[in-house]
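One structure is given below, encoded as structure tokens.
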Amino acid sequence: MSARLIEKFTLDRPEKATIAAYAAIVAMTAGMTILIMSGIEGDSLLWGDKSWFSYWIISAGAISGIIGMSLARGWMGGEGILGSLRAIVGGVAIALIASVAAGLMIDPLLGGVYGPILLMTEFINQPWLAAAWMIGAAGAHVLLVFAARERMDDFIRSGSGRAVGALSRLSQENLYRSRRQTWR
């Protein structure tokens, strides 16, 4: 019983990579939300007396990262040049979706409008912030590419694909060797 329970909650490498990608985006969006709101509210937001509003801002940033990554997940994790270009669009999409979500959670009346405006203003005023965001999004993209490759490798190895599973092990190695070498 306990072995089955432990096996149920044990994560494999692709799942760990996907969780790490989400964690990177969540940390980045929470950090960006804190930086933007501390510019509006002043340093008392972070270093003054800790209020529930301060904790809500951090939580709203983290939740908005999950929302943004979930909605723009299809743009991330593709291979090759096209996958990298899609990841750039995905990184921008995640930032905009997360800014709308965080803005609506912080100020339900006008936050959805001012969230993206404040984010783009900060990116223009502080280009290092935009570069840091894109580096974090690129890291999440690389983790998702790794997860996709591992899943495909597991699929080929298990023989779950009907065409691949019908081949002998020697034929699988000869026909799919070049694909495996590019994946690792």
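The values are calculated or read from the model by the stated rules, or taken from the named source; none is laboratory data. Small disclaimer: the values here were computed from a predicted structure and weren't measured. With ideal geometry, Cβ positions are generated from the backbone for all residues, glycine too; neighbour counts draw on all protein chains shown. These accessible areas exclude ligands, DNA and RNA; they are computed on the full protein's heavy atoms, side chains included. Shrake-Rupley method; radii C 1.70, N 1.55, O 1.52, S 1.80 Å.
Some observations on this one:
- Per residue solvent-accessible surface (Å²) - segment 18-147, probe of 1.4 Å: 51
- With both labels modelled 7 Å from their Cα along Cα-to-Cβ, the Thr10 to Asp154 distance reads 1.2 nm.
- At the listed q of 0.12, 0.13, 0.26 Å⁻¹, the Debye profile of segment 69-151, built from one uniform point per Cα, gives log10 I(q)/I(0) equal to -0.39, -0.45, -1.16.
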